[in-house]
Amino acid sequence: MASDTDDTRVEKVPTVRDQVPLRVYIISTVILLERAAFFGCLTTFQNYLQNAHDDPLLPGLLGLGQSAAVGIIYAFSFLNYVTPLFGGIVGDTWIGRYRAIQLGLACDTLGIAILATTAFTQHYHQVGGLPGYIIAICLIAFGAGGAKPNLMAFMVDQCPEEDAREITLKDGKRVLTDRGLTIQFIYSMNYWMINLGSLAGIVTTVIERVRGFGYAYLVPLSFMAVALALFQLGTSRYVLPEPPQNILPVVFRLMTRRLVRHSSSQAKQLEPSQRQPTSTVPDNDARLSLEVKATIRSCLIFIPFIPLYFSFDLMSNNLIAQAGTMQTHGLPNDMMFNVNAISVMALLPLIQGVVYPFLAKHAVAFPPVYRVVLGLFFAAGAIAYTTGVQALIYSSSPCGKFARSCKEQTDLSIWLQTPTYVLLALAEILAIVSGSELAYTRAPASMKSIVQAIFILFGAGGAVLGVASSPAAKDPNMVVVYGVISGVMVLTTVVFGIIVWVGAGREKKVLLESGVEAVELAVVRGGYLTNNPDDIEAEQGRAEMQIVAEEKENGELKGGTGDKESK
């Protein structure tokens with residue numbers, strides 16, 4: 001019989017992450033190269049679109065102006081947020097994640113090749129620049145949409161779910177492996193790799209300034225070629241999930257039945273003898289129906305990411321334009337974008353390796369939803385600070401609120417932007433990594449790529465906000481633009497924080513009253529409420545292993561079968 005002492009004993013046994021196999025690092029390297037190619041292109045787009053080739057201050061290529069450039073980049077961001085949904089559906093329900101990744105990487109490579117080619121033709125012959133750019137970004141967006149959600153899910157697939165194992169550390173201490181900690185490490189490590197890849201923007205912006213955009217885009221093209229080759233070379237090592245079952249017809253059938261059920265007012269008026277007998281839903285359909293409902297409910301937690309992604313997108317457009325009005329000290333104005341990536345690379349190991357273990361050691365609960373709230377807070381602070389910097393630019397510019405069109409830059413240093421990028425880096429580490437973790441752990445096995453894609457899809461809402469605000473994103477409006485965005489972020493942080501606080505108390509009360517021990521463990525240890533049967537069974541098994549391990553350590557098991565059963 002379980003007792004209070006059993007519960008205390010369970011908590012005493014420490015847990016650690018399991019070993020991460022080589023195939024996970026191979027896939028993470030592919031993601032690094034794909035993101036390096038993506039960001040290597042993205043960091044140059046503002047100058048490429050906004051400025052003319054003969055601009056004496058900041059040379060570009062197409063000369064479309066700031067508002068048009070910002071609108072196009074937000075449209076590109078929108079595509080990058082929407083296409084992963086189609087990629088996730090294709091990977092989960094049709095050709096499988098492995099094939100979807102192959103096609104996505106190939107499409108991405110073709111798009112960057114067209115971008116590089118038309119950049120050369122525009123530079124030397126003044127033809128093909130804008131049409132080639134539009135075709136290229138569409139191919140890049142659809143390629144990234146096919147690869148990105150499937151790569152994220154496929155990477156974690158390489159660590160199949162197993163029962164907790166008892167292992168002995170070098171100091172002789174016995175601990176239990178925890179798959180939740182392993183997944184957290186994988187996502188944190190992968191996000192570090194993504195930001196390492198984003199530093200490719202340093203290379204492309206320098207080449208853009210010295211040799212031109214065509215030569216700059218050859219660098220991302222080489223990254224994609226290596227990514228394709230590496231992914232193919234690792235094929236023999238991969239754990240390939242079972243062939244996907246196309247669940248969409250079943251989902252549509254369930255939706256149709258629900259609609260028919262809700263529109264059965266005419267049937268109620270019929271005589272009992274005229275009514276059709278009610279058919280029961282098959283067990284598989286019933287289970288899938290529950291999974292779909294649980295998935296939809298769990299995805300509601302991603303709503304605050306809409307304004308959060310809007311804030312992040314500022315780094316690739318308006319903040320670059322803002323830097324162009326400041327003293328750059330000989331650096332390209334789009335170089336500051338990389339301060340964010342460097343900050344993530346410096347802070348992520350510190351948070352993952354020091355802060356989180358410290359909190360766990362002192363039994364301070366810091367589940368993913370709490371991390372999201374704190375991430376929103378840092379993002380709000382970043383944009384509020386940016387509003388202040390923009391006000392300083394207007395007050396110090398010889399041309400007042402028309403600083404961008406002024407022939408003289410302000411005396412303010414470009415390094416004043418550093419706190420913005422650092423605070424946004426903290427927001428990414430806390431919110432985006434936790435959001436990806438929630439997207440995987442909350443999803444049923446048959447819909448993991450789709451839920452990853454849905455998480456990314458919420459960023460499309462941020463891109464829509466960006467497109468809507470782009471006509472106002474120019475002098476003399478920038479203080480108001482940044483001020484409104486920071487206000488929205490503050491409101492989002494407060495509202496979501498209250499929801500999480502109230503929801504956490506309600507969930508804890510319900511669980512304690514119902515006595516669902518396995519789910520309670522999931523909430524306490526993972527920071528999320530799961531109704532996935534596999535997760536519940538895994539938590540039960542891990543709890544039992546903890547009890548057995550502690551009993552062994554205390555010498556309580558005497559070897560008798562009766563004793564084991566009584567425990």
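The values are calculated or read from the model by the stated rules, or taken from the named source; none is laboratory data. As the structure is a prediction and not an experimental result, all values here were calculated from the model. Note that each Cβ is placed from the backbone with ideal geometry, even for glycine, and that neighbours are counted across all protein chains shown. The area values use the complete protein model at the heavy-atom level, side chains included, leaving out ligands, DNA and RNA. Shrake-Rupley method; radii C 1.70, N 1.55, O 1.52, S 1.80 Å.
So between A106 and V210, what do we pick up on full extension, going 0.36 nm a residue minus the alpha carbon distance?
On the way: separation 104, 0.36 × 104 = 37.44 nm, distance 2.92 nm.
The span from A106 to V210 would gain 34.5 nm if fully extended.
In the neighborhood of V156, defined by Cβ-to-Cβ distances under 12 Å, what is the net charge if each Lys or Arg adds +1 and each Asp or Glu adds -1? Display every interim value, and only then the final one.
Values: positive: R23, R97, R179, K448; negative: D157, E161, E437.
Here the count lands on +1.
Which FRET efficiency value, to the nearest 0.05, do you get for I95 and L196 by plugging their Cβ-Cβ distance into 1/(1 + (r/R0)^6) with R0 = 35 Å? If you can, show how the numbers build up before the last one.
Numbers: r = 30 Å, r/R0 = 0.86.
Computed FRET efficiency for I95 and L196: 0.70.
On full extension of the chain, what length is gained from C399 through Q19, given 0.36 nm per residue of separation minus the C-alpha to C-alpha distance? Working shown, then result.
Working: separation 380, 0.36 × 380 = 136.80 nm, distance 5.92 nm.
Gain on stretching C399 to Q19: 130.9 nm.
So what's the net charge close to P357: Lys and Arg +1, Asp and Glu -1, counting the other residues with Cβ under 14 Å from its Cβ? Don't skip to the answer; put the middle values down first.
Values: positive: R17, K361; negative: D178.
Charge balance in the 14 Å sphere: +1.
Calculate the FRET efficiency for V364 and K173 from the Cβ-Cβ distance with a Förster distance of 22 Å, rounded to the nearest 0.05.
Values: r = 22 Å, r/R0 = 0.98.
Approximately 0.50, to the nearest 0.05.
Take L57, project a point 7 Å from its Cα along the Cβ direction, then tell me which residues of the range 314-336 have their backbone nitrogen under 15 Å from it.
Counting backbone N atoms under 15 Å from the label point, the list is 319-334.
What order do you get for 349-358, 95-104, 322-331 when each peptide is scored by the mean count of other beta carbon atoms within 10 Å, highest first?
Details: 349-358: 13.3, 95-104: 21.1, 322-331: 18.4.
Peptide ranking by packing, descending: 95-104, 322-331, 349-358.
Taking only the Cα atoms of the range 316-446, how large is their convex hull per residue, in Å³?
Details: hull volume 17.6 nm³, N = 131.
Spelled out: Cα convex hull of the range 316-446, divided by residues, is 135 Å³.
Rounded, prolate or oblate: which one fits the range 292-358, using the alpha carbon gyration tensor with axes a ≥ b ≥ c (rounded when a/c is under 1.5, else prolate when a/b beats b/c, else oblate)?
Working: a/c = 4.54, a/b = 1.52, b/c = 2.97.
Judged from the Cα gyration tensor, the range 292-358 comes out oblate (a/c at least 1.5, b/c at or above a/b).
Ranking request for peptides 211-218, 105-112: highest mean number of other beta-carbon atoms within 10 Å first, then the rest in descending order.
Those peptides, ordered most packed to least, come out 105-112, 211-218.
Which of rounded, prolate, oblate describes the range 462-502, given a ≥ b ≥ c as roots of the alpha-carbon gyration tensor eigenvalues and a/c under 1.5 marking rounded, otherwise prolate only if a/b is larger than b/c? Don't jump to the answer; show the numbers that get you there.
Values: a/c = 6.73, a/b = 2.29, b/c = 2.94.
Note, shape of the range 462-502 comes out oblate.
Using the Cβ atoms and a cut-off under 14 Å, what net charge is assigned to the surroundings of F45, where Lys and Arg are +1 and Asp and Glu are -1? Show your work: numbers first, answer last.
Values: positive: none; negative: E208, D313, D334.
With Lys, Arg at +1 and Asp, Glu at -1, the neighbours total -3.
Using a 7 Å offset from the Cα along the Cα-to-Cβ direction at both Q126 and I351, what is the distance between the two label points in nm, to one decimal?
Simple spin-label model gives 4.9 nm for this pair.
In square angstrom, what is the accessible area per residue of the range 196-237 with a 1.4 angstrom probe? Mind dumping the intermediate values first?
Working: 1920 Å² over 42 residues.
Per residue, the range 196-237 has 46 Å² of solvent-accessible surface.
Report in % the part of the accessible area of the range 121-235 that belongs to carbon and sulfur, leaving out ligands and nucleic acids; probe 1.4 Å. Intermediate results must be reported in sequence, preceding the final value.
Values: 3240 of 4840 Å².
Summing carbon and sulfur atoms, their accessible area is 67 percent of the total for the range 121-235.
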